[in-house]
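Here is the structure we will look at, set down as structure tokens.
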Amino acid sequence: MQKINLRDLYPDIYKTDIFLEVTDEVHTVFLADKRADAAYERQMYRYKAYYSLDHDNGIENAVINRPLTPEEILEDKQRREQLYAAVMALPDKQAKRIYARFYLGMTPTEIAKAEGVDVSRVRDSIRRGLKHLAKLF
């Protein structure tokens, strides 16, 4: 059994030293995570000057695109649910066409072929549906 200091792991929560006994496997996981974080920080520090934003190695992307907080994830989920409900409140054809276009990724031509109608009708229907959604939001 190993002892870990919760203050080291969670400095925002624990302001004083609180020691906890954990199994060797758990201690090994904490140690490996700490080492991986340290290696990542060293890599970011050492090599950031040699990479450009268009290099596609992931280092700049990790710096620029921070992970979403739980609040942001919840807000995003609620917005998606509201949008989905608004799309489903449209007239049936518009809802199906907007769903096919933006959720399923179909092109207006593919939608027109599947429905057996002219492409211009599909485009107009999608455009009217989007205008209606814009009024709602």
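The values are calculated or read from the model by the stated rules, or taken from the named source; none is laboratory data. The structure presented is a predicted model; accordingly, all values stated were derived computationally and were not measured. Note: accessible area is taken over every heavy atom of the protein model, side chains too, but ligands, DNA and RNA are not part of it. Shrake-Rupley method; radii C 1.70, N 1.55, O 1.52, S 1.80 Å.
Give me the tail of P(r) for the range 70-134 as a percent: Cα-Cα pairs with distance above 20 Å. Mind showing how you got there, number by number?
Details: 646 of 2080 pairs.
The proportion of pairs with Cα distances above 20 Å equals 31 percent.
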In Å², rounded to a whole number, the accessible area per residue of the chain with probe 1.4 Å is 82
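In percent, how large is the relative contact order of the chain, given Cα pairs closer than 8 Å and 6 or more residues apart?
13
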Quick one: of K77/K135; K77/K131; K3/K77, which pairs are farther than 31 Å apart, Cα to Cα? K3/K77
Would you list, by chain and number, the aspartates and glutamates whose Cα falls below 20 Å from the Cα of K113, excluding same-chain residues fewer than 8 positions away? D92, D124
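Below 8 Å between Cα atoms, with a sequence gap of 6+, how large is the relative contact order for the range 70-134 in percent? Mind dumping the intermediate values first?
On the way: 34 pairs, mean separation 19.4, N = 65.
Once normalised by length, the contact order is 30 percent.
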In terms of the ratio Rg/(2.2 N^0.38 Å) built on C-alpha atoms, what value belongs to the chain? 1.78
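Can you show me the helix-derived [θ] at 222 nm for the chain, built from DSSP H runs with n ≥ 4 at -39,500 (n - 2.57) apiece and divided by the number of residues, rounded to the nearest 500. Present the calculation step by step, with values, prior to reporting the outcome.
On the way: 7 runs with 86 residues, N = 137.
The helix contribution divided over the chain gives -19500 deg cm²/dmol.
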Counting only protein heavy atoms with a 1.4 Å probe and every protein chain in place, the carbon and sulfur fraction of the accessible surface of the chain in whole percent equals 54
